[in-house]
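Working notes, beginning with the structure itself.
Please treat every number below as a calculation from the coordinates, not as lab data. Bear in mind that the values here come from a model prediction, so they are computed numbers and not experimental data. As a convention, Cβ positions derive from the backbone with ideal geometry for all residues, glycine included, and neighbour counts pool all protein chains shown.
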Amino acid sequence: MIYDFKGKNVWVTGASSGIGMGLANQLAEKGATVFVSARNVDKLNENFADNASVTILSGDLTSADVNKKIAAQIKASAGGLDCVIFNAGTAEYVDVYNFSAAPFERMIEANYFSMVRGIEAAMPLIKESKNAYLVGMSSSVSWQGLPSGQAYSASKAAIRNLFQGLKIELAPKDIAVSWICPGFVKTPLTDKNTFDMPFRVSIEEATDTIVKHLEKQTTEIHFPKRFTYFLKIVSYLPAGLAAKILSKTVPESSL
């Protein structure tokens, strides 16, 4: 059955740029009433101020109180909530030779706990919907830890694990659950990367792919397949062999 976004109340987090912005715009075009959140209210206003189908509810989503406030504002404005796309997050890389716990703490807080707190705030509304749908943004690196990306990969693996469990337990309550595991997408976040990003796709291609699969309620959405299937296959290999293959991605300057 196709999930029709027309007439649905949808909350998209991390909508100030990139995939979140693209998804909010596409879902509004499909007839959804969209609520967008991010810390950067100026960017949200720049993106959506002229879109009557989008309501801006900005705030720091690492805060449990902010998430609960936004959920209350959605209920007051729309009467309920059908779908949440938890997209907010960031990326940070690790220098293992100058190891610090700090980037791990920041990644878990920004990527994982912001989502957990969002689910806590949204669930009372979601479970009242007849078209309930929870979606989380993970990453293709959730299948396999990569050099320099240990903190980011760990946070994204935690998200994937969380949503796998949610899907099983919420299915009897008719609450659909999906998670998204993209490869490299050309966003302001990946523009900062200094390493090769094979098969990087545009925001438009990414959002088109995601929306198509959200309408099908695909459980695990991953793309581009040329990259994501490679990582999937590597993750199934014996751990020593996988590490040997991926060691070729480490720059010689860091060895």
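Structure above, values below:
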quantity: Ranked list, fewest to most other Cβ atoms within 10 Å of each Cβ, for SER247, SER53; calculated: SER247, SER53
quantity: Inter-centroid distance (Cα atoms) of the range 89-109 relative to the range 215-240, Å; calculated: 24 Å
quantity: Exposure proxy order (Cβ contacts within 10 Å, fewest to most) of TYR112, TYR97, TYR3, TYR152; calculated: TYR97, TYR3, TYR112, TYR152
quantity: Net charge over other residues, Cβ less than 9 angstrom from the Cβ of ALA32 (K, R count +1; D, E count -1); calculated: +1
quantity: THR218-LEU241 FRET efficiency (beta carbon distance; Förster radius 30 Å; 0.05 resolution); calculated: 0.50
quantity: Ascending count of other beta-carbon atoms within 10 Å, so fewest first, for TRP11, TRP143, TRP179; calculated: TRP143, TRP179, TRP11
quantity: Computed lengthening from ALA52 to ASP65, 0.36 nm per intervening residue step minus Cα-Cα distance; calculated: 2.0 nm
quantity: Within the chain, helix-based [θ] at 222 nm, where runs of 4 or more DSSP H residues each add -39,500 (n - 2.57), nearest 500; calculated: -13500 deg cm²/dmol
quantity: Whole-number D in µm²/s for the chain (Stokes-Einstein; Kirkwood sum over Cα pairs; 10 °C, 1.306 mPa s); calculated: 85 µm²/s
quantity: The range 98-128: trypsin sites (Lys or Arg not before Pro) in DSSP coil with no more than 13 other Cβ atoms inside 10 Å; calculated: LYS127
quantity: Computed over the chain: relative contact order in percent, which uses C-alpha pairs under 8 Å that are six or more apart; calculated: 18 percent
quantity: FRET E, pair ALA102, SER77, Förster distance 30 Å, beta-carbon r, rounded to 0.05; calculated: 0.20
quantity: Summed side-chain charge close to LYS212 - residues other than LYS212 whose Cβ falls under 15 Å, Lys, Arg +1, Asp, Glu -1; calculated: -4
